[in-house]
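These notes are about the structure you will find just below.
Where a number appears in this text, it was derived from the coordinates with a stated rule and is not lab data. Just so you know, these numbers come straight off a predicted model, no measurement behind them. Please note: Cβ atoms are built from the backbone with ideal geometry, for glycine as well, and neighbour counts cover all protein chains shown.
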Amino acid sequence: MKAVIYNGPRQVSVSNVPDARIEKPTDAVVRMTTTNICGSDLHMYEGRTNFEIGRVFGHENLGQVIEVGAAVDRIKKGDWVCLPFNIGCGFCENCERGLTGYCLTCNPGTAGAAYGFAGMGPFQGGQAEALRVPYADFNCLSLPKDAQEKEDDYVMLSDIFPTGWHATELAGVLPGETVAIYGAGPVGLMAAHSAIIKGASRVFVVDMHDDRLKLAESLGAIPVDMRRCDPVEELLGQTDGLGTDRGCECVGYQCCDRHGRETNSFTMNSLVKSTKATGGIGVIGVFIPEDPGASDTLAKEGKMAFDFGAFWFKGQHIRTGQANVKAYNRRLRNLIHVGKAKPSCIISHRLGLDEAPDAYKHFDARDKGWTKVVLKPGA
Ligand SMILES: NC(=O)c1ccc[n+]([C@@H]2O[C@H](COP(=O)([O-])OP(=O)(O)OC[C@H]3O[C@@H](n4cnc5c(N)ncnc54)[C@H](O)[C@@H]3O)[C@@H](O)[C@H]2O)c1
Ligand SMILES: [Zn+2]
Ligand SMILES: [Zn+2]
């Protein structure tokens with residue numbers, strides 16, 4: 001089958017790889033019809049992780065089941081399913097508690113497994129014609145009759161919509177509160193969509209790209225352009241100097257300062273300043289334990305100069321980590337089904353698998369108009 005594989009920093013190709021197949025009786029094989037490129041893929045694409053050469057990318061996957069193993073009961077051939085990016089077993093201590101982003105079974109020795117992801121186990125990604133899904137009964141989210149009609153919405157249940165939602169959960173967003181979101185990439189935009197659905201009174205979204213800020217505005221958020229103003233001062237000014245009730249980090253370790261220089265502490269320290277005393281901060285942007293490609297000495301070791309004193313003094317809380325997609329995906333699916341959520345509104349490009357190498361280039365450069373790419377392997 002054809003798949004998008006990693007050949008080294010900023011090099012991907014569409015190549016032939018062994019077909020996805022049933023390896024354990026609990027597996028299913030899903031024909032991929034929509035599979036997205038994600039900001040998380042870019043950390044790997046840029047060679048800023050230990051992602052292995054020759055591996056297949058893709059953790060935002062939707063398609064139709066073409067084969068199930070002998071021990072699969074619930075899922076049937078022909079079902080339309082969306083796959084959470086994290087792979088859970090369903091029976092370990094963490095999965096039982098709903099923390100499927102930290103499954104202890106699927107990637108022995110580590111908490112957490114995912115498709116086509118650095119450090120998250122040997123699983124191939126879904127930017128391919130087909131995908132092997134372990135523990136299929138547990139991991140497949142069944143889609144309703146409008147699966148194909150709303151395919152571009154439902155595919156966002158694999159990662160960015162639940163992840164954006166998770167950011168607002170970690171921060172503790174309540175109806176009527178003010179929320180600042182750093183990063184207007186797909187995840188930040190989904191955090192804004194989530195905060196608005198939850199009834200936040202005002203949602204601010206900070207970034208430096210016109211097209212992304214415009215999308216934030218179209219979702220009902222207030223754009224804050226960090227090229228034109230100091231985002232912290234702007235947020236304090238908008239909240240009587242107190243700061244927002246909640247803040248979300250949706251950028252990650254490659255965040256930049258106002259001059260576009262990578263500074264891994266920039267968003268975290270901005271959040272401490274722009275969140276009110278006793279406020280909550282949710283961090284879903286990825287930070288990694290080692291970053292040998294960083295220019296900064298602390299960052300190389302996965303550390304940062306964090307304003308802990310200010311954080312402590314303000315009595316804030318921070319919660320972090322991978323989104324436990326299964327904790328939210330059914331309910332978010334229902335919001336899509338009835339038309340109360342429309343995550344596909346951020347899609348800028350729908351392309352064939354063969355166009356992936358070019359798409360990676362543009363999305364990585366944050367080129368104007370490249371906000372979210374969905375690949376259609378069957379097209
Ligand atoms: N925790 C999880 O489960 C999970 C899941 C998916 C993605 N992620 C992570 O979320 C992060 C965002 O993903 P994405 O797909 O939206 O990525 P992206 O790279 O497309 O978007 C990041 C945005 O942040 C902006 N930015 C850079 N520095 C900034 C700053 N100082 N202040 C405000 N904005 C700034 C960039 O201009 C860009 O638009 C990534 O780190 C990704 O790996 C985490
Ligand atoms: Zn993703
Ligand atoms: Zn588990």
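Show me the trypsin sites (Lys or Arg not before Pro) within the stretch 181-223 that DSSP assigns to loop and that have at most 11 other Cβ atoms within 10 Å of their Cβ. Present the calculation step by step, with values, prior to reporting the outcome.
Details: sites: LYS198, ARG202, ARG212, LYS214; in loops: LYS198.
When the trypsin sites (Lys or Arg not before Pro) of the stretch 181-223 are filtered for loop state and at most 11 Cβ neighbours within 10 Å, nothing remains.
Full extension from GLU23 to ASP296: what is 0.36 nm times the residue separation minus their Cα-Cα distance, to one decimal in nm?
94.0 nm
When the helix-only estimate is applied to the chain (DSSP H runs of n ≥ 4, each -39,500 (n - 2.57), divided by the residue count), what is the mean residue ellipticity at 222 nm, nearest 500 deg cm²/dmol?
It lands at -6500 deg cm²/dmol.
Using Cβ counts within 10 Å as a stand-in for footprinting exposure, how do MET190, MET226, MET32 rank, fewest first?
The fewest-first ordering by Cβ neighbours comes to MET226, MET32, MET190.
Arranged by the count of other C-beta atoms within 10 angstrom, fewest first, what order do THR244, THR105, THR26 take?
Fewest-to-most ranking of THR244, THR105, THR26: THR105, THR26, THR244.
Relative to the Cα centre, what is the charge dipole magnitude of the stretch 160-320, using +1 at the beta carbon of each Lys and Arg, -1 at the beta carbon of each Asp and Glu, and rounding to the nearest 20 debye?
Taking the Cα centre of the stretch 160-320 as origin, the dipole is about 240 debye.
Just to confirm my numbers, what's the Cα centroid distance between the stretch 203-222 and the stretch 226-246 in Å?
15 Å
For LYS361, give me every one of the aspartates and glutamates with a C-alpha distance below 16 angstrom, ignoring sequence neighbours fewer than eight places off in its own chain.
By straight Cα distance, LYS361 reaches ASP41, GLU46.
Tell me, what ³J(HN,Hα) does each residue in the stretch 334-348 have, in order and in whole Hz, if you take phi through Karplus 6.51 cos²θ - 1.76 cosθ + 1.60 with θ = phi - 60° and put x for Gly and Pro?
Karplus values, whole Hz, x for Gly and Pro: 5, 5, 5, 4, 8, x, 8, 9, 9, x, 5, 5, 9, 5, 10.
Under the Karplus relation 6.51 cos²θ - 1.76 cosθ + 1.60, θ = phi - 60°, what is the ordered set of whole-Hz ³J(HN,Hα) values for the stretch 101-115, x standing for Gly and Pro?
Once θ is set to phi - 60°, the couplings for the stretch 101-115 become x, 10, 4, 9, 9, 6, 10, x, x, 10, 9, x, 9, 7, 7 Hz.
Calculate, in whole percent, how much of the Cα-Cα pair population of the stretch 160-320 lies beyond 23 Å.
So the pairs more than 23 Å apart make up 30 percent of the total in the stretch 160-320.
At 0.36 nm per residue, minus the direct Cα-Cα distance, what do ARG319 and ASP358 gain on full extension? Give it in nm, one decimal, please.
Difference between extended and current length: 10.5 nm.
Contour minus end-to-end for ARG10 and ARG97, with contour as 0.36 nm per residue of separation and end-to-end as the Cα-Cα distance?
Working it through step by step, the gained length comes to 27.5 nm.
Distance in nm between label sites at GLU233 and LYS340, each 7 Å beyond Cα in the beta-carbon direction?
4.1 nm
Using unit Cβ charges (K, R positive; D, E negative) and no other charged atoms, how large, in debye to the nearest 20, is the dipole of the chain about its Cα centre? Don't skip to the answer; put the middle values down first.
Details: 41 positive and 45 negative charges, 121 e Å.
About 580 debye.
For SER218 paired with ARG261, estimate the spin-label separation in nm (one decimal), with each label point 7 Å from Cα along the Cα-to-Cβ line.
Taking the two extended label points, one gets 3.5 nm.
If r is the Cβ-Cβ distance from ALA310 to ALA71 and R0 is 41 Å, what FRET efficiency results, to the nearest 0.05?
0.20
Determine, for TRP165, TRP80, the number of other Cβ atoms within 10 Å of each Cβ, and report the residues in order from fewest to most.
The most exposed by this proxy come first: TRP80, TRP165.
May I ask which residue of LEU353, VAL72, GLY188 lies farthest towards the positive end of the charge dipole of the chain, with charges of +1 (Lys, Arg) and -1 (Asp, Glu) on Cβ and the Cα centre as origin?
In the chain, that residue is VAL72.
For the stretch 103-181 and the stretch 13-48, what is the centre-to-centre distance using only Cα atoms, to the nearest Å?
13 Å
Considering only Cα-Cα distances, which of the following residue pairs are longer than 20 Å: LYS145/LYS342; LYS24/LYS77; LYS150/LYS376; LYS24/LYS76; LYS24/LYS150; LYS214/LYS342?
LYS24/LYS150
Can you give the Rg to Rh ratio for the chain, taking only C-alpha atoms and Rh from Kirkwood?
0.96
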